[in-house]
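Reviewing the structure listed below.
The values are calculated or read from the model by the stated rules, or taken from the named source; none is laboratory data. From a predicted model like this one, the values you see are computed outputs, not experimental measurements. Neighbour counts run over all protein chains shown; Cβ positions are idealised from the backbone, glycine included. Surface areas here come from the heavy atoms of the whole protein model, side chains and all, with no ligands, DNA or RNA. Shrake-Rupley method; radii C 1.70, N 1.55, O 1.52, S 1.80 Å.
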Amino acid sequence: MIKGIIFDKDGTLFDFNATWGEWTRGMLEAETAAEPQLLAPLAEAMGYDTTTNQFRPDSVVIAATAEETAECIRSVLPDLEIDALLGRMNAAASRVTQIEAVPLQSYFQELRDLNLRLGIATNDAEEPARAHLTRAGVLDQFDFIAGYDSGHGGKPAPGQLHAFCAQTDLRPNECLMVGDSTHDLHAGQAAGMRTIGVLTGPAPRQELSPFADVVLADIGGIPRWLKSENLLAL
């Protein structure tokens, strides 16, 4: 039986390109303002298409931690100081308008009504993650929230997922890991959890399917799938 679900954030709770596409264009332009000729190579390094203002499915940024994204930026702009860059990124990310994959308040109330324990495991920093969940009105629905900087590591390693199990006193085989990238699914498999892929990030179905028990259009299909598989202790 499934008793707990741990979710990725960006691309899972929130549509990835709808949320981060336009924001990233502004961030890239700001960081290259003194050297505008570097906008194109920086976008290329990040796997970002400046004609559509969207990330390509092969972008290294999609599943990266904030530190990894910052290092990607510094591969083109090496004079940027890493701590200052991370500070600008996290501050701006905390204010971004997130586009919900489904109406989150009613969705998480539905999961709570099914007696499920809930968690977040994101490669974002914890502070902006909490800001996003607060703005969506769902922060108090979660038993556990971890960013890459929360002391458990980042995905695809399973440390955040093991910490969720420790916090909720659940076994890994009683939990689902839900995400939009192979990093999420690899973390779930490494932790011994069932995995669900969702298509609200840039990764296509064929990339996620080999590592997921099921791939759904979005998180809204999870309760129906759990019931159809008789995985709920109702």
Residues of segment 153-167 that turn out to be in contact with a strand residue (DSSP E or B) (Cβ under 6 Å, 6 or more places away or on another chain) and surrounded by fewer than 19 Cβ atoms within 10 Å (Cβ to Cβ), as a count: 1
Tell me, yes or no, whether segment 64-77 has at least one residue that is touching a residue at least 12 places away in the same chain (Cβ under 8 Å) and touching a Cys at 6+ places or on another chain (Cβ under 8 Å). yes
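Could you go through segment 168-185 and let me know if any residue there is small (Gly, Ala, Ser) and either surrounded by fewer than 20 Cβ atoms within 10 Å (Cβ to Cβ) or over 25 Å from Ser106 (Cα atoms) (or both). Even if it seems obvious, please write down each step before you answer.
Going residue by residue through segment 168-185, those that are small (Gly, Ala, Ser) are 179, 181.
If we keep only those that are either surrounded by fewer than 20 Cβ atoms within 10 Å (Cβ to Cβ) or over 25 Å from Ser106 (Cα atoms) (or both) as well, we get none.
Taking every residue of segment 168-185 in turn, none turns out to be small (Gly, Ala, Ser) and either surrounded by fewer than 20 Cβ atoms within 10 Å (Cβ to Cβ) or over 25 Å from Ser106 (Cα atoms) (or both).
Out of everything in segment 9-40 that is among the aliphatic types (A, V, I, L, M) and more than 27 Å from Gln160 (Cα to Cα), what residue ends up being least open to solvent (accessible area, probe 1.4 Å)?
Pass one, segment 9-40, residues among the aliphatic types (A, V, I, L, M): 13, 18, 27-28, 30, 33-34, 38-40.
If we keep only those that are more than 27 Å from Gln160 (Cα to Cα) too, we end up with 27-28, 30, 33-34, 38-40.
Working: Met27: 25, Leu28: 0, Ala30: 71, Ala33: 74, Ala34: 98, Leu38: 37, Leu39: 34, Ala40: 69 Å².
Here the residue is Leu28.
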All positions within segment 186-211 that are within 24 Å of Ala166 (Cβ to Cβ) and open to solvent by less than 20 Å² (accessible area, probe 1.4 Å): Ala187, Gly188, Ala191, Met193, Thr195, Ile196
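Step by step: first the residues of segment 44-85, then only those that are β-branched (Val, Ile, Thr) and part of a helix (DSSP H, G or I), then the one that is farthest from Thr19 (Cα to Cα). Which residue is that? Show your work before the answer.
Keep residues of segment 44-85 that are β-branched (Val, Ile, Thr), which gives 50-52, 60-62, 65, 69, 73, 76, 82.
Subset that is part of a helix (DSSP H, G or I): 69, 73, 82.
On the way: Thr69: 17, Ile73: 20, Ile82: 24 Å.
For segment 44-85, the residue satisfying everything is Ile82.
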Count of residues meeting criterion [out of contact with any Pro (no Cβ under 7 Å at 6 or more places or on another chain), under 16 Å from Phe7 (Cβ atoms) and either of a type outside the set (A, V, I, L, M, F, W, C) or crowded, with 21+ Cβ neighbours inside 10 Å (or both)] in segment 110-127: 10
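What number of residues in segment 164-188 are more than 20 Å from Leu13 (Cα to Cα) and either within 13 Å of the chain's Cα centre (by Cα) or not β-branched (Val, Ile, Thr) (or both)? If you could, list the steps in order and put the result at the bottom.
Step one: list which residues in segment 164-188 are more than 20 Å from Leu13 (Cα to Cα), which gives 165-174.
Then drop every residue that is not either within 13 Å of the chain's Cα centre (by Cα) or not β-branched (Val, Ile, Thr) (or both), which leaves 165-167, 169-174.
Qualifying residue count, segment 164-188: 9.
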Which listed residue is within 15 Å of Thr65 (Cβ to Cβ) and touching a strand residue (DSSP E or B) at 6+ places or on another chain (Cβ under 8 Å), from Ala217, Ala187: Ala187
Would segment 212-227 turn up any residue that is at pLDDT 95 or above, over 20 Å from Phe108 (Cα atoms) and open to solvent by 50 Å² or more (accessible area, probe 1.4 Å)? yes
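Kindly check whether there is at least one residue in segment 155-169 that is aliphatic (A, V, I, L, M), outside any strand (DSSP E or B) and touching a Pro at 6+ places or on another chain (Cβ under 8 Å). Even if it seems obvious, please write down each step before you answer.
At the first step, the residues of segment 155-169 found to be aliphatic (A, V, I, L, M) are 157, 161, 163, 166.
The next check asks that each one be outside any strand (DSSP E or B); those that pass are 157, 161, 163, 166.
Of the ones still in play, those that are also touching a Pro at 6+ places or on another chain (Cβ under 8 Å) are 161.
Within segment 155-169, one or more residues are aliphatic (A, V, I, L, M), outside any strand (DSSP E or B) and touching a Pro at 6+ places or on another chain (Cβ under 8 Å).
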Starting from segment 179-190, take each residue that is in contact (Cβ under 8 Å) with a residue 40 or more places away in the chain and list its partners that are open to solvent by less than 10 Å² (accessible area, probe 1.4 Å) and assigned to a helix (DSSP H, G or I), counting only C-beta distances under 6 angstrom and pairs at least six apart or across chains. Ala187/Leu161
With the checklist (1) among the hydroxyl-bearing types (Ser, Thr, Tyr); (2) assigned to a loop (DSSP other than H, G, I, E, B); (3) under 27 Å from His162 (Cα atoms) in hand, flag the one item Thr134 doesn't pass. (2)
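For Phe144, state whether it is surrounded by 14 or more Cβ atoms within 10 Å (Cβ to Cβ), of a type in the set (Phe, Trp, Tyr) and farther than 16 Å from Asp184 by Cα.
Working: surrounded by 14 or more Cβ atoms within 10 Å (Cβ to Cβ): yes; of a type in the set (Phe, Trp, Tyr): yes; farther than 16 Å from Asp184 by Cα: yes.
Criteria met by Phe144.
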Residues being of a type in the set (Val, Ile, Thr) and either surrounded by fewer than 19 Cβ atoms within 10 Å (Cβ to Cβ) or over 21 Å from Pro36 (Cα atoms) (or both): count how many of those fall in segment 73-93. 1
